[in-house]
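The values are calculated or read from the model by the stated rules, or taken from the named source; none is laboratory data. Quick caveat: nothing in here was measured; it's all calculated off a predicted structure. So basically every Cβ, Gly included, is an ideal-geometry build from the backbone, and we count neighbours across all protein chains shown.
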Amino acid sequence: MLRASLFITSFVLINLNPASAQVHTVGDVSFAVPAGWQYQQGPDVGAMTFKTSNRFWLAAVYTPMPSSGDSTADFKAAWKRVVLAVPDYKSIPQYDPYNMTQTVGYPGKYYDAASVSNQTYTRLYTLTTGKVYVPVMFVSLNRGALDSMGHYEEAIVGSVRVAPLKASPIQFSIQLPDLAGFWKGGIVVNTNYYNSSGQRTGNSLTAVNYGYTIAADGRYTYKFGGLMNNMAAHDDDSGVVELGGEFLTFKGKAHVTRYRFVKMQQALDGSTVLTLLPPVDMSQVDLRRDLSYFTRPAKK
């Protein structure tokens, strides 16, 4: 494992040619490398970096580890193998790792911590695939820097596949024909209300489903239905999808809805997931809170 840690440490410091968006393999594990990221293969790891004048982001996908059946114990074993092999990290986290949410790939655990000198910040995922699990590590200067590239982090983690499954490239740009099909989404929010004595006084339920049926030329129909604050709500519309720059706009007869396009990616079940953000300045966006998802079911 020392060879891998030295490889990772030195990789951040060298300049390589950026990779085009493609799939790479390390052992039985395949994964996507975003376009523009630099890639290099190590003895038991595939690593990629993205650098600016004063920041760097490193992602590293490791060969699988046999599962003990205890996901927390597995995570700590992976932390020892991956993180503690890197200089300036000295201990295993005292707290249990968090459960992953909103992934198009395998379920699993994650946790993060700063190095002893606070010179780097690392987040480790362990992806549960059955009899084995896959460690995936992300490193940057600090938590703020790491979180600022959260959409890439989510995409790389979601792309990981263990043989016989094979990873698919991540699409960070789209054309209208790419959107052809039925895309569905939904929201469920249940809010309970209490008085000053702690007695429950009521609740508000919002549970809606909505969907766009999009033709290859961009024409679409839209349907919406469910409960909004305990009241039945229904809506429908039709119009044309417009792509411009990084934005995706549904220009309907009754409504105009605009999103910032993030990525399109194949999920573990074969469906396709479209990831979007609000159309506001990126400085106002929380990449873990504000992402929206539309799913196109796999063809039967």
So residue 177 passes all but one of these: (1) over 19 Å from residue 296 (Cα atoms); (2) not in a strand (DSSP E or B). Which condition number does it fail?
(1)
The range 48-74, residues that are in contact (Cβ under 8 Å) with a residue 40 or more places away in the chain, within 16 Å of residue 126 (Cα to Cα) and not in a loop (DSSP other than H, G, I, E, B)
59, 60, 61, 62, 65, 66, 71, 74
Taking the range 268-284 as the search range and keeping residues that are among the hydrophobic types (A, V, I, L, M, F, W, C) and surrounded by fewer than 18 Cβ atoms within 10 Å (Cβ to Cβ), which one is modelled with the highest pLDDT?
268
Going through (1) touching a residue at least 60 places away in the same chain (Cβ under 8 Å); (2) not in a loop (DSSP other than H, G, I, E, B) one by one, residue 192 fails only at (1)
Subset of the range 98-115 (residues that are over 21 Å from residue 57 (Cβ atoms) and either touching an Asp or Glu at 6+ places or on another chain (Cβ under 6 Å) or in a loop (DSSP other than H, G, I, E, B) (or both)):
101, 106, 107
Report whether or not residue 158 is surrounded by 16 or more Cβ atoms within 10 Å (Cβ to Cβ) and under 18 Å from the mean Cα position of the chain (by Cα).
yes
Taking the range 75-87 and keeping residues buried (at least 16 other Cβ atoms within 10 Å of the Cβ) and part of a helix (DSSP H, G or I) leaves 75, 76, 77, 78, 79, 81, 82
Among the residues in the range 101-112, are any more than 19 Å from residue 23 (Cβ to Cβ) and among the aliphatic types (A, V, I, L, M)?
no
Flag for residue 118 being out of contact with any Leu (no Cβ under 7 Å at 6 or more places or on another chain) and either over 30 Å from residue 55 (Cα atoms) or part of a loop (DSSP other than H, G, I, E, B) (or both):
yes
Out of all the residues in the range 88-111, is one or more under 23 Å from residue 164 (Cβ atoms), surrounded by fewer than 20 Cβ atoms within 10 Å (Cβ to Cβ) and more than 20 Å from the chain's Cα centre (by Cα)?
no
Restricting attention to the range 227-243, which residues are charged (D, E, K, R) and closer than 30 Å to residue 191 by Cβ?
235, 236, 237
Kindly list the number of the only condition in (1) buried (at least 16 other Cβ atoms within 10 Å of the Cβ); (2) assigned to a loop (DSSP other than H, G, I, E, B); (3) at pLDDT below 95 that fails for residue 130.
(1)
Among the strands (runs of 3 or more DSSP E) confined wholly to the range 226-300, which include 2 or more residues that are among the aliphatic types (A, V, I, L, M)?
231-244, 256-266, 272-277
Taking the range 16-37 and keeping only residues that are under 19 Å from the mean Cα position of the chain (by Cα) and modelled with pLDDT of 90 or more, one is left with 23, 24, 29, 30, 31, 32, 33, 34, 37
Can you tell me which of (1) within 18 Å of the chain's Cα centre (by Cα); (2) modelled with pLDDT of 90 or more is the one residue 178 doesn't meet?
(1)
